[in-house]
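Participant: Shown below is the structure under consideration.
Quick note: the coordinates plus some simple rules give every number you see, no bench work behind them. None of these values were measured; they are calculated from a predicted model. Counting neighbours? That spans all protein chains shown, and the Cβs are built from the backbone with ideal geometry, glycine included.
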Amino acid sequence: MTRCLLFLSLLFLCAAAFSQQSDFLSLKKNGRTIKNYFKGAPIAFIHVNGSLIEGTLERVYKDSIFMYNYDIRMTPTPWGTRFADTVGRYDLRYHINEIAAIPKPGKPFEFIRNGTLFMIGGIGYAFLHTFNGLIQKRKIEPGTLAIAGGVALLGFTMKKLRKYYYPIGKKYTIAYIKLT
């Protein structure tokens, strides 16, 4: 009985020893970790050629990331409806030096932060002021149009100045962390 228990405990210890986490990637800003990417985690990045790459991280090994991506398309049914169907699975492999940037995660009220609300509000107010002035045959105030245009210009400037990704370089870096 003792031998059986000893054998089972050694078997579980061996299984635990072989089930260690694989290597992982760490996105850092000036040496501080922003996010870690482990096996099985979704990852998205901008390649050095400018294309957006998305997928699930399968493995990180020797400065390379192995990931897979599913091609999912809408397929029609005989009843005139559509459903999502997986066409294929693609295995992808990239070196970490091929990562040019990582998209920032969306935050709440992003339409206010990126200036979209200001652009819609400024242009909409200018349109309504002009439309009401023409319909009611009143004078269109240039000061009101200037303020509305200024609000729209402020929104446009906010949209252009907003960064939607972490550019890999001096400030942001990707670190390969080897565990095995």
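Participant: Using the per-residue mean of other Cβ atoms lying within 10 Å as a proxy for protection, in what order, highest first, do the peptides 110-117, 69-76 fall?
Facilitator: 110-117, 69-76
Participant: Helix-derived [θ] at 222 nm for the chain: sum -39500 (n - 2.57) over DSSP H runs of at least 4, divide by residue count, nearest 500?
Facilitator: After summing the helix terms and dividing by the residues of the chain, the value is -11000 deg cm²/dmol.
Participant: I've got another one for you. Which of 35/160; 35/107; 39/171; 39/104; 35/159; 39/163 have a Cα-Cα distance over 23 Å?
Facilitator: Among 35/160; 35/107; 39/171; 39/104; 35/159; 39/163, the Cα-Cα distance tops 23 Å for 35/160; 39/171; 35/159; 39/163.
Participant: Nearest 10 degrees, 0 to 90: what angle lies between the long axis of helix 142-161 and the longest principal axis of the chain (Cα atoms)?
Facilitator: Between the helix axis and the principal axis of the chain, the angle is about 10 degrees.
Participant: Using the Cα centre of the chain as origin and beta-carbon charges of +1 (Lys, Arg) and -1 (Asp, Glu), tell me which of 117, 150, 53 is placed farthest towards the positive end of the dipole.
Facilitator: 150
Participant: Out of [x] 1.10; [y] 0.98; [z] 1.69, which label holds the value of Cα Rg over 2.2 N^0.38 Å that was computed here?
Facilitator: Derived directly from the coordinates: [z].
Participant: Further, regarding this structure: Rounding to the nearest 20 debye, state how big the charge dipole of region 85-180 is about its Cα centre with +1 on each Lys and Arg Cβ and -1 on each Asp and Glu Cβ.
Facilitator: The dipole of region 85-180 has a size of about 320 debye.
Participant: On a 0 to 90 degree scale, rounded to 10, what angle separates helix 116-135 from the longest Cα axis of the chain?
Facilitator: Value to nearest ten degrees: 20.
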